[in-house]
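The values are calculated or read from the model by the stated rules, or taken from the named source; none is laboratory data. The model shown is predicted, which means the values in this text are computed figures rather than measured ones. All Cβ positions, even for glycine, are placed from backbone atoms using ideal geometry, and neighbour counts span all protein chains on display.
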Amino acid sequence: MKSYREYLPYGAGLAISLIFGLSFMFTKQALDVFSPIHLLSFRFLLAAIVLSVLAMFNIVKLQLKGKPIKELLLLTAFQPVLYFISETIGVKLTSSSQAGMMIALIPIVVTILAVPFLKEKPSFIQVLFILTSVSGVFLIFIMSGNLKFDGHLAGLLSLLGAVSSAAIYNILSRKLSKNYTSIEITFVMMWVGAIVFNIIAVFQSILTGSLSNHFSGFSSLPALFSILYLGIISSICAFFMVNYMLSRLSAARAGVFSNLTTVVSILAGIFIKHESFYWYQAVGGVLILAGVFGTNYFDRQKLESKTLLKPVDNVRI
């Protein structure tokens, strides 16, 4: 009989999809008040401060001394820095449907990169299920009727950069999990994001002559609540679980969970914003769920516990 601990990575994957799926609503709400760069700067600064306070009171354990910090800084260059910059530019220069479909390609790129860099080769049936999941996302966006291929080439290249950055982050996080705990990786990610995006935000405020209004957006309670959600739930909790999941599951099996955010965002739109529900969303959702389940069920080793790198007790939070 399997221990419940062996199912924790899958629970983390579902929780990540739920958090990131709901984050779209909070991001849109916050963008009514903040610019994209200012939103990122406040989000990661809050996350970095909260994690530092937790570490100060010994609630989370950090042991960064003597570890390969250069490799960890390389990871942070791809996520959150390059990913969020590329995604922001890409979404601005293209349509939301194009952006959604490009981001859905992350599991495929992760699977490809995992073969040479992690020596993790998925089985043929796993590849089919990964493609099934991606096809579900494509179906939803294509049938939504607002697909336009009139985006600027720079926007498409930026989205490709976001996809590549996310995929490389997945590979590096899984590799670095042998030296770092999930919370240590998350801690450094949050501080690098806070430093980089706050420098850009302040510089942007100076250029536009709005430095005196840098924090004026916090007078809006909905925007403030969105920052709290994005900074604490969507940054600290979600990225911790991403790093935790990547330390336990193969890159391909972990990466395919990202497409579940599409299902969550649809359900949130239906039950929270009372949006219409269409047949293609149901079919696409089933394809995504089938793809996620099949990718993880049909493991090439046929023994899921063999993919666990280290016991769950070693993770501190």
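A few notes on this one:
- Just one of (1) modelled with pLDDT of 95 or more; (2) touching a Leu at 6+ places or on another chain (Cβ under 8 Å); (3) under 16 Å from Gly231 (Cα atoms) fails for Phe44. It is (2).
- Every test in (1) over 29 Å from His38 (Cβ atoms); (2) under 22 Å from the mean Cα position of the chain (by Cα); (3) modelled with pLDDT under 90 is passed by Met102 save one, and that test is (1).
- For segment 60-86, filtering for residues that are at negative phi and either at pLDDT below 90 or not in a helix (DSSP H, G or I) (or both) leaves 8.
- Between Val134, Val50, the distinction of being surrounded by 14 or more Cβ atoms within 10 Å (Cβ to Cβ) and touching a Leu at 6+ places or on another chain (Cβ under 8 Å) belongs to Val134 only.
- Qualifying position, being crowded, with 19+ Cβ neighbours inside 10 Å and within 23 Å of the chain's Cα centre (by Cα), among Ile195, Ile168, Ile200: Ile168
- Total residues in segment 95-121 satisfying the condition of being in contact with a Phe, Trp or Tyr (Cβ under 9 Å, 6 or more places away or on another chain) and not hydrophobic (A, V, I, L, M, F, W, C): the figure is 6.
- Considering segment 283-307, the residues that are among the charged types (D, E, K, R) and touching a helix residue (DSSP H, G or I) at 6+ places or on another chain (Cβ under 8 Å) include one that is modelled with the lowest pLDDT, namely Glu304.
- Residue pairs whose Cβ atoms lie under 9 Å apart, separated by 6 or more positions or on different chains, with the first residue in segment 6-29 and farther than 15 Å from Ile236 by Cα and the second polar (S, T, N, Q) and surrounded by fewer than 17 Cβ atoms within 10 Å (Cβ to Cβ), are Glu6/Ser305.
- Across segment 136-176, the qualifying residues are those that are in contact with a Gly (Cβ under 8 Å, 6 or more places away or on another chain) and of a type in the set (S, T, N, Q), and the one among them that is modelled with the lowest pLDDT is Ser158.
- Unique match (being over 24 Å from Phe42 (Cα atoms), out of contact with any Cys (no Cβ under 8 Å at 6 or more places or on another chain) and either part of a helix (DSSP H, G or I) or free of Cβ contacts under 8 Å to residues at least 12 places away in the same chain (or both)) among Pro107, Pro122: Pro107
- Considering residues of segment 271-282 that are assigned to a helix (DSSP H, G or I) and loosely packed, with under 14 Cβ neighbours inside 10 Å only, the residue modelled with the lowest pLDDT: Phe271
- Residue match in segment 187-207 (condition: in a loop (DSSP other than H, G, I, E, B) and over 28 Å from Leu64 (Cα atoms)): no
- Answer from Leu260, Leu249, Leu228, Leu267 - the residue that is hydrophobic (A, V, I, L, M, F, W, C), touching a residue at least 12 places away in the same chain (Cβ under 8 Å) and part of a loop (DSSP other than H, G, I, E, B): Leu249
- Scanning segment 1-57 for residues that are within 25 Å of Arg248 (Cα to Cα) and touching a Gly at 6+ places or on another chain (Cβ under 8 Å) yields Ala47, Ala48.
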